[in-house]
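Here the structure comes first, spelled out in structure tokens, and everything after it is commentary.
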Amino acid sequence: MLLKAFLTPIKKALLIKADDLLETIRKENDVNAYFSMKEMNKMLLASEAFANVVKKFPIITLFTDSDIKAFTFHFNFEEEGAKIESFVKADDNSDYQKLLDATMQKPDNSFLSVIPISMKYIFAMSVNGENLMKLEQIRKSVNLLSNLPSMDKLDFRSIVNSIDGPVAVAFSAGDGMNISSIVNDNWNIAIAAKTKNSAQIINQIVDFASEMGQEDYVKGGRHVYSYEGMPMYVGSKDSIVYAIRLDHEMEEDFYTDMQDAAIALPQVQ
């Protein structure tokens with residue numbers, strides 16, 4: 001079943017006053033939670049395990065070591081899925097505000113043309129890469145990736161800068177989405193992004209794959225590789241760059257081949 005309700009933040013609704021933030025937890029929701037970032041940071045900083053995670057994923061500090069003051073979380077179960085709301089207290093000129101400026105436009109449906117219909121869970125948001133790269137946490141994450149062994153073939157800075165539109169992640173699993181599937185990496189996944197330089201990015205990926213010892217094999221206009229014994233398809237269509245991993249040959253339809261697909265699929269707005 002498609003996830004029809006997502007976290008749907010609206011810029012002005014997220015940056016709210018403290019009293020309004022407390023008001024949100026008085027609603028009749030199935031789940032309510034209030035978090036003070038100051039107190040949460042104290043707890044996280046005392047954890048050696050968390051410190052090690054931050055070294056690997058500095059983007060986490062955008063939320064844990066930032067100018068966000070507090071946030072609430074609300075969860076309601078509905079017939080066809082679940083509705084999640086989150087309200088954040090932060091200053092107008094905060095890093096969090098910059099993140100909203102870079103990601104909170106409504107994504108168009110162009111990414112659907114590269115998503116196989118077996119992918120039942122889809123999340124999409126619109127990203128302005130140039131604005132995203134203005135955030136220190138994003139720059140640190142990109143630099144970290146760029147400095148990994150053999151990663152010099154992929155210019156992550158230019159890739160992120162060139163994103164201009166929807167970024168989508170879709171996935172499914174043959175035995176259902178459960179802890180075992182996640183731990184054993186036993187799921188199908190598709191990643192798609194609208195960019196200004198799709199051909200250049202594909203060339204970088206081909207060079208990187210070659211560096212990793214995988215010859216370039218093209219089938220049906222897609223570059224085909226192998227990852228963990230599963231076929232990996234890389235290509236571009238209408239400025240959308242995508243990578244799709246499936247546990248079978250990709251001979252299925254895409255969402256744009258289905259009537260009313262754009263209406264049925266969820267989006268972050």
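Any read-out appearing in this document is the output of simple, stated calculations on the displayed coordinates, not a laboratory observation. Remember, it's a predicted structure, so these values are computed and weren't measured experimentally. Methodologically, a virtual Cβ is constructed for each residue, glycine included, from the backbone with ideal geometry; neighbour enumeration extends over all protein chains shown.
Evaluating 6.51 cos²θ - 1.76 cosθ + 1.60 at θ = phi - 60° for every residue in region 114-126, the Karplus couplings come out as 10, 9, x, 5, 6, 7, 8, 10, 10, 10, 9, 8, 8 Hz, glycine and proline recorded as x.
Between A70 and M37, K89, the built amide H atoms are under 5 Å apart, and every one of these is 5 or more places off in sequence or on another chain. Across region 66-143, the mean sequence separation of Cα contacts (distance under 8 Å, 6 or more residues apart), normalised by length, yields a relative contact order of 26 percent. Working note: Karplus 6.51/-1.76/1.60 with θ = phi - 60° gives region 156-165 the couplings 4, 4, 5, 5, 5, 4, 7, 5, 8, x Hz, where Gly and Pro are set to x. In plain terms, the residue of F71, F156, F57 with the fewest other Cβ atoms within 10 Å comes first and the most crowded comes last, giving F57, F156, F71. Which of the residue pairs K56/K194; K83/K106; K55/K134; K83/K140; K153/K194; K42/K69 have a Cα-Cα distance greater than 22 Å in the structure shown? Distance filter (> 22 Å) returns K56/K194; K83/K140. Model label sites at A33 and Y217, defined 7 Å from Cα along the beta-carbon direction, differ in position by 4.4 nm.
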